[in-house]
Structures are given as C-alpha cells and as structure tokens.
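Before any comments, here is the structure.
The values are calculated or read from the model by the stated rules, or taken from the named source; none is laboratory data. Computed from a predicted structure; not experimentally measured. Cβ atoms come from the backbone with ideal geometry, glycine included; neighbour counts cover every protein chain shown.
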Amino acid sequence: MCAKTYPSNTSLAGGTKCMPQWFIAIYTRNRGFYFYAYNPIRNRWHAVPMGQFLPEPIVSIGSFILCRVAASSPLQLSLCNPFTKQYQFLPQLQTLRTNPAVGVVTYGDGTFKVNVAGGMSQGPKGGNAFYEPTLEMYESRVDKCKSLGRIPIEFAVRLTVWTQNDSVYYMGVLYWITSARAYNVMGYEVESGEWKELKIPMSDKLEFAALVRRKGRLVLVGGGACIDGEAWIWELGRGYTGVC
C-alpha cells in the first residue's frame, strides 16, 4: 500500500455524531508536505499541510489518529488530531519493546483499548535483544497500561517480523495478517485471551493481501500474478478452520 485511509471527525473533543465523518488519506511512504481530507457534505477534497505531523499513523479513533512516535525507540504511542496538529501521548508501556503489533478495540461510549503484542526487547544490562512473548493493553477509561500475560513464541515472532500496523476487530476477536509467504491470519479473543490461527485459501499464491470489514463482515482481499493477476475476496466463515 502507498497510502492509508481513515474516517475522522473534525473536532478535537470528538465531533458531533450528527455530522458525517471526513475521509483522510495519508501516504505511508514519501509522505511529503500534505495529507488529503474528503468533506462528504461538500463533496470536496482538501490538501492539508502536514508540517511535523503524523510520524507513523496506525488507526483512527474518533477525532484522533493513533500514531507511533517515529523518533522513539522503544515504542511510544500518541493520539493526534490531524487538523489542529495537537498530540496526546499515551502512558509508557510496562514492557519496553520495539516493532510490536498494535490492535485497537473501540466502544460505543467513546472509550477504547490498545493491545500491543510481541516486539523486540533489550536483554538485561544491554544484552542481546529477544522476541518479547507478552501482550499488554492500554485502557482509555483508566488511562493506564496493564499486562495481559504471555503469548505463544511463534506468534510473537510473526507479530514482530511479518505483521503490519493494520488490524481488524470483529465479533470479539482482534485479527492481524502476516506479510510472509505464505500469508496467514492470527486472531486474539479479547475476552478469553486465546490465540487462534486461520488458514487462507491459495495463501502460497497471493502476492498481496489485506483484512477489511465489508458489509459488517470480516473479509480478506488478495491477489497477484499467480492467480491471473486478479484480486479475490474471501469472507470469514464460521469457526477458525479457514477464511472461505
């Protein structure tokens, strides 16, 4: 992908629910000096100066965009308003880590939870870095981070090395897709804390793939030259036996 898109309200406090959301497009590479915002009321696009804004966007949360602070290592998250250029840093994670997978769960009352899984941690006294097989969560209602325990080490490796920022929350499960050939999907059940792996049809033939929500369902979009240069769409079936 060369750009990411986000729905967003236009006020710092969260906007009015009666107003339709704007649509924001941000380049993921060579972002330049502008991002682009679509006003659905006037059917018009706007080029908005970026300045030093949006170092590394992850996902929209109401009026804000959750970002990685690019200059920070280990990971530091912040909420940013793309129009006012205001930042709000989230509390530091309990376990310092670089390049973890990040997934967000939002609720109807405006609160949200940010789940951070995997990543690399530094060994004691500057020792060798290692894969961090743990999960922690930031909860906006209490403005605190807490540990949610360990995750399978093979999942920690995939979440660290092969997973992009994108995640999808659907029916109580956070899903990430790996970019390694062959593609696969990992799911984290938020209530039970269980991890699952989903098989993908033609996963060894896909040259690109992404998870999205379509008509209220979780679907995978993928394709490539190995399947006649076409793009295919699969919908998540019942259970965890596959995407079909």
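For the range 139-154, a tally of residues being more than 17 Å from ARG68 (Cα to Cα), touching a Pro at 6+ places or on another chain (Cβ under 8 Å) and either in contact (Cβ under 8 Å) with a residue 40 or more places away in the chain or not in a strand (DSSP E or B) (or both) returns 5. Please work out which one of (1) of a type in the set (D, E, K, R); (2) surrounded by 14 or more Cβ atoms within 10 Å (Cβ to Cβ); (3) in a helix (DSSP H, G or I) is the condition GLU136 fails and give its number. It is condition (3) that GLU136 fails. Determine, yes or no, whether ALA71 is modelled with pLDDT under 90, part of a loop (DSSP other than H, G, I, E, B), more than 14 Å from the chain's Cα centre (by Cα) and not charged (D, E, K, R). Against the criterion (modelled with pLDDT under 90, part of a loop (DSSP other than H, G, I, E, B), more than 14 Å from the chain's Cα centre (by Cα) and not charged (D, E, K, R)), ALA71 qualifies.
Look at (1) touching a helix residue (DSSP H, G or I) at 6+ places or on another chain (Cβ under 7 Å); (2) on the phi < 0 side of the Ramachandran plot; (3) of a type in the set (A, V, I, L, M, F, W, C) and you find that VAL114 fails only one, number (1). Taking the criterion of being surrounded by 11 or more Cβ atoms within 10 Å (Cβ to Cβ), assigned to a loop (DSSP other than H, G, I, E, B) and out of contact with any Ser or Thr (no Cβ under 8 Å at 6 or more places or on another chain), the residues of the range 112-133 that qualify are GLN122, PRO133.
Identify all residues within the range 79-89 that are assigned to a strand (DSSP E or B) and surrounded by fewer than 17 Cβ atoms within 10 Å (Cβ to Cβ); write none if there are none. If you could, list the steps in order and put the result at the bottom.
Taking the range 79-89 first, the residues assigned to a strand (DSSP E or B) are 79-80, 87-89.
TYR87, GLN88, PHE89 - these are the residues of the range 79-89 that are assigned to a strand (DSSP E or B) and surrounded by fewer than 17 Cβ atoms within 10 Å (Cβ to Cβ).
The set of residues from the range 95-111 being crowded, with 19+ Cβ neighbours inside 10 Å and in a loop (DSSP other than H, G, I, E, B) comprises ARG97, PRO100.
Output yes when any residue across the range 42-62 is assigned to a loop (DSSP other than H, G, I, E, B) and among the charged types (D, E, K, R), and no when none is. Within the range 42-62 (the criterion being assigned to a loop (DSSP other than H, G, I, E, B) and among the charged types (D, E, K, R)), the answer is yes, since at least one residue qualifies.
Would you pick out the residues in the range 65-88 that are in contact (Cβ under 8 Å) with a residue 40 or more places away in the chain and of a type in the set (A, V, I, L, M, F, W, C)? Passing the criteria: ILE65, LEU66, LEU75, LEU77, PHE83. Would you call GLN92 surrounded by fewer than 16 Cβ atoms within 10 Å (Cβ to Cβ) and not aliphatic (A, V, I, L, M)? Considered against the rule, which asks whether it is surrounded by fewer than 16 Cβ atoms within 10 Å (Cβ to Cβ) and not aliphatic (A, V, I, L, M), GLN92 comes out as yes.
Residue-wise test of (1) within 17 Å of the chain's Cα centre (by Cα); (2) modelled with pLDDT of 90 or more; (3) surrounded by 13 or more Cβ atoms within 10 Å (Cβ to Cβ).
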residue: MET1; (1), (2), (3): yes, no, no
residue: THR28; (1), (2), (3): yes, no, yes
residue: GLN52; (1), (2), (3): no, no, no
residue: LEU66; (1), (2), (3): yes, yes, yes
